[in-house]
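Below: the structure, in structure tokens.
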Amino acid sequence: MIFETQVTNIGPEAEMFQQEKMLIFFGNDAPETLADYCYNIHLTPSTAEIMAGMNFSFDDQTYKITAVGDVVKKNLDDLGHITLRFDGSETADLPGTLYVEDKAMPTITVGTKIAIN
């Protein structure tokens, strides 16, 4: 386990990006312009590099990581901020985006545990 945290708040517009197979995570200090669109998480640093082939999980729903943007680890560690894209891309087109396999998106509530291993 290299990262573990939980959802602390869900912005009123956070689910609108699910149509685009995206979720936006941000620590509890999300900028006002983004806060309504984010799933807030406890800021917790990761303990190792995040790499394709690892798993990203929401409670008991697990997704294989397919690509990792260049600043995902830094943004996650510093701000609790990443975009998660459920499209199975094997190339990270956006530096702050973590790509996971293309399958049904998770159900997320306040208290949902998020982990990378």
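No value in this document is a laboratory result; all are computed from the given coordinates. On a predicted model such as this, the values are computed, not experimentally measured, just so you know. Don't worry about glycine lacking a Cβ; one is built from the backbone with ideal geometry, like all the others, and counts go over all protein chains shown.
In this structure, the residue pairs whose Cα-Cα separation is over 20 Å, taken from Lys64/Lys113; Lys74/Lys103; Lys73/Lys103, are Lys74/Lys103; Lys73/Lys103.
Phi-derived couplings, Karplus 6.51 cos²θ - 1.76 cosθ + 1.60 at θ = phi - 60°, listed residue by residue for the range 101-106: 4, 8, 8, 3, 6, x Hz, with x used for Gly and Pro. Of the residues Ile82, Met51, Met22, the one whose Cα sits farthest toward the positive end of the charge dipole of the chain, with +1 on the Cβ of Lys and Arg and -1 on the Cβ of Asp and Glu, is Met51. Scalar couplings 3J(HN,Hα) for the range 76-90, obtained by applying the Karplus form with A = 6.51, B = -1.76, C = 1.60 to θ = phi - 60°, are 5, 5, 7, 10, x, 10, 8, 9, 10, 10, 9, 10, x, 4, 9 Hz; x denotes Gly and Pro. Fewest neighbouring Cβ atoms within 10 Å first, the residues Thr8, Thr66 line up as Thr8, Thr66. Summing Cβ point charges (Lys, Arg +1; Asp, Glu -1) relative to the Cα centre of the chain gives a dipole of roughly 240 debye. Computed over the chain, the per-residue total of -39500 (n - 2.57) for DSSP H runs of n ≥ 4 gives a 222 nm mean residue ellipticity of -2500 deg cm²/dmol, rounded to 500. Using 20 Å as the cut-off for backbone N distance, which residues of the range 102-117 belong to the label zone defined by a point 7 Å from the Cα of Asp59 along Cα→Cβ? Flagged as within label range: 103-117. When you restrict to C-alpha pairs under 8 Å that are six or more residues apart and normalise by the size of the chain, the relative contact order lands at 33 percent. For the range 1-77, the set of GluC sites (Glu not before Pro) satisfying both a DSSP loop assignment and a count of at most 14 other C-beta atoms within 10 Å is given as Glu13, Glu49.
Loop-located trypsin sites (Lys or Arg not before Pro) in the range 52-117 (DSSP state other than H, G, I, E, B) with a sparse environment of at most 16 neighbouring Cβ atoms within 10 Å: Lys103.
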